[in-house]
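First the structure, in the form of structure tokens, and then the observations on it.
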Amino acid sequence: MTTVSEVEMTVSKVEVHSQTKGWITVSRKSNRYNLLALKSSGQLQFAGEASVTSGIYDEVKLSIDKVVIKTNDGAQKIARLPGKVFAVRTSAVVNGGQTSSIKVDIKADKSLHMTTTGEYVFAPTAEVEARSDTTASVDSSNMVTLTGGQVMSTTKAGMDLDGSVKADFQLDTNAVIKLEGGTLKLDLTGSVGN
């Protein structure tokens, strides 16, 4: 991370899931998120909103188009994504006439890796917080402020090299990753040269 100045993630779709209603689209707008700037400012960037029926929403899903890495010398590289869908279990309770929120905090420093040949790999690691009966306001720069409400669930999840998303998982930041025939693989020998 010391050579990286920007990690920009583009998300093309945000969805939530209900056992009774299935998948509901929250946003189809392509949004870019500068993860390092958001981390340093402590701000939340708006991802979308939807009017939904009362009930429990048990999963949130982001469709990630690409992740662009900018290095300190100004070079830009597109990171390899093990998978383009990041779906995490949650428990967002929506009560009639109230606002609920789901905050997805992607941890760039825990998500960004490098292959043995110097290519960037972005395997998202996130903390997801679902809050009910909250107040959300969005300012002119698309930043969100959440106040009040009750935290219904907090989940940690991460993506493995095969694209699967697992609860309480994070790809080891010291993992040695090889690219073999277009497939990302862990080098279990532990040495870069093998």
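The values are calculated or read from the model by the stated rules, or taken from the named source; none is laboratory data. Note that this is a predicted model, so its numbers are computed, not measured. Ideal geometry is used to build each Cβ from the backbone, glycine not excepted, and the neighbour counts take in all protein chains shown.
Counting only strands (runs of 3 or more DSSP E) that sit wholly inside the range 1-90, those with at least 1 residues that are surrounded by fewer than 12 Cβ atoms within 10 Å (Cβ to Cβ) are 22-27, 76-78. Identify all residues within the range 98-133 that are under 14 Å from residue 169 (Cβ atoms) and of a type in the set (Asp, Glu); write none if there are none. If the condition is that a residue be under 14 Å from residue 169 (Cβ atoms) and of a type in the set (Asp, Glu), then 127 is the only one that fits. Is it the case, given these coordinates, that residue 139 is over 30 Å from residue 100 (Cβ atoms) and either surrounded by fewer than 12 Cβ atoms within 10 Å (Cβ to Cβ) or of a type in the set (A, V, I, L, M, F, W, C) (or both)? Judged against the criteria, residue 139 is not a match. Residues in the range 91-117 that are in a strand (DSSP E or B), of a type in the set (S, T, N, Q) and closer than 22 Å to residue 23 by Cα: 91, 99, 100, 101. Against the criterion of being more than 23 Å from residue 78 (Cβ to Cβ), touching a residue at least 40 places away in the same chain (Cβ under 8 Å) and not basic (Lys, Arg), residue 165 does not qualify. In the range 169-191, is there at least one residue being within 30 Å of residue 100 (Cα to Cα), modelled with pLDDT of 95 or more and exposed (fewer than 14 other Cβ atoms within 10 Å of the Cβ)? No, the conditions are met nowhere in the range 169-191. Looking at 156, 166, can you tell me which residue is of a type in the set (Lys, Arg) and surrounded by 14 or more Cβ atoms within 10 Å (Cβ to Cβ)? Among 156, 166, only 156 is of a type in the set (Lys, Arg) and surrounded by 14 or more Cβ atoms within 10 Å (Cβ to Cβ).
Reported count of residues in the range 118-144, each being assigned to a strand (DSSP E or B) and more than 17 Å from residue 106 (Cα to Cα), is 8.
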